[in-house]
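The values are calculated or read from the model by the stated rules, or taken from the named source; none is laboratory data. Treat the numbers as computed from the prediction; the structure is a model and nothing was measured. Positions of Cβ are generated from backbone atoms using ideal geometry, with glycine treated the same way; all protein chains shown enter the neighbour counts.
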């Protein structure tokens, strides 16, 4: 399950603003409750107000992950595309990677796709000609992309100020009026996010209200950077029904049903 959790966290970051609502999470005992600086609160408020305008998004994506085990450091860079669509009835997310680069070596072909439809998380590995489909929710009660992930990541455009101050030390690092705003998030000790992250930094495109760059350090020391470029916003090409990938004939398929809670 760990690899699916990491995949979902990564994909959800890439479209943090693309949703209508988020469920309130169960309270978590914390040792402190910081206050959000006024300038950071103003940016969050603007993102909150503008987020509803963003119905769908497609863009190029660069995902870079670096891990240092104390003996050596390795960096892997993936390049591809992302498509996301969200309506009040359904939400869809597709990430396609086309190439991978290890450290300073030449890039190599790497075709892999991840697709989430609110019930199933589909992973297609075109290199190995395999696919796996993991059920994440019941069909009669599908999950929004961020309903599933809100326990792991800061949904800046969705959470109330009270929720944000309960979970993070927030700071506005830089703002280019009308263009971008960069904010840092350090999880409060005892919050649910502290289990997954040491720190996070998000740079928002203020014009279209989507995260152009996300970076951070996970609890295990792994560092990551996600960058979106060439974004297309609210396009007819990005409708939910039009982004589902097709599993090619001859691929092996593994289905993993939802585990019932005891």
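Some observations on this one:
- Selection status of residue 161, more than 27 Å from residue 73 (Cβ to Cβ) and either modelled with pLDDT of 90 or more or more than 20 Å from the chain's Cα centre (by Cα) (or both): yes
- Checked against (1) surrounded by fewer than 16 Cβ atoms within 10 Å (Cβ to Cβ); (2) at pLDDT below 75, residue 15 passes all but a single condition, namely (1).
- Test: residue in the range 174-194 that is surrounded by fewer than 19 Cβ atoms within 10 Å (Cβ to Cβ), on the phi > 0 side of the Ramachandran plot, in a strand (DSSP E or B) and at pLDDT 85 or above: no
- Flag if residue 127 is in a loop (DSSP other than H, G, I, E, B), within 25 Å of residue 252 (Cβ to Cβ) and either in contact with a strand residue (DSSP E or B) (Cβ under 8 Å, 6 or more places away or on another chain) or in contact (Cβ under 8 Å) with a residue 40 or more places away in the chain (or both): yes
- Yes/no for residue 90 being free of Cβ contacts under 8 Å to residues at least 12 places away in the same chain and either within 25 Å of residue 211 (Cα to Cα) or touching a strand residue (DSSP E or B) at 6+ places or on another chain (Cβ under 9 Å) (or both): no
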